[in-house]
1. Please work out which residue is farthest from the chain's Cα centre (by Cα), limiting yourself to region 75-90 and to residues that are in a strand (DSSP E or B) and more than 17 Å from Ser26 (Cβ to Cβ).
2. Among what's in region 41-74 and is among the aromatic types (Phe, Trp, Tyr) and part of a helix (DSSP H, G or I), pick the residue that is modelled with the lowest pLDDT.
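The values are calculated or read from the model by the stated rules, or taken from the named source; none is laboratory data. In this text, all values refer to a predicted model and were calculated from it rather than measured experimentally. Ideal geometry is used to build each Cβ from the backbone, glycine not excepted, and the neighbour counts take in all protein chains shown.
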Amino acid sequence: MVKIGNVSLQDSIERGRSLQACGKSSEYLEEFAAKTVDFLYRNFRDASGSEALSLVRFFHTCNYEPLDQPLKDYVDDKYEKLDQEQRYITLLAHLSPGEKKPGAIGINL
């Protein structure tokens with residue numbers, strides 16, 4: 001764990017390696033997002049040892065065309081005039097106090 005006020009270069013290098021491991025062990029972007037959010041939320045502490053981050057979110061921005069069909073259906077239902085060239089932002093994972101594991105919300109803007 002890292003205390004948020006005392007992040008050293010060595011701490012940064014170690015956290016970077018841990019995040020790389022999250023990526024290498026993830027088959028999908030959503031899985032990587034969940035692991036990353038969980039790692040960041042649980043590994044940064046304040047001076048008293050309490051969790052230092054109150055909310056961690058992982059967003060992904062992409063065009064309409066590569067979205068999976070359930071996300072396309074969601075966007076189609078939300079917006080009447082759809083520009084297929086427009087980029088959309090999707091919240092892939094989030095974690096906040098009281099949650100035991102990362103969740104995802106399909107928010108497209």
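1. First, pick out the residues of region 75-90 that are in a strand (DSSP E or B): 87-90.
Still in the list and also more than 17 Å from Ser26 (Cβ to Cβ): 87-89.
Working: Arg87: 18, Tyr88: 15, Ile89: 12 Å.
My answer is Arg87.
2. Tyr74
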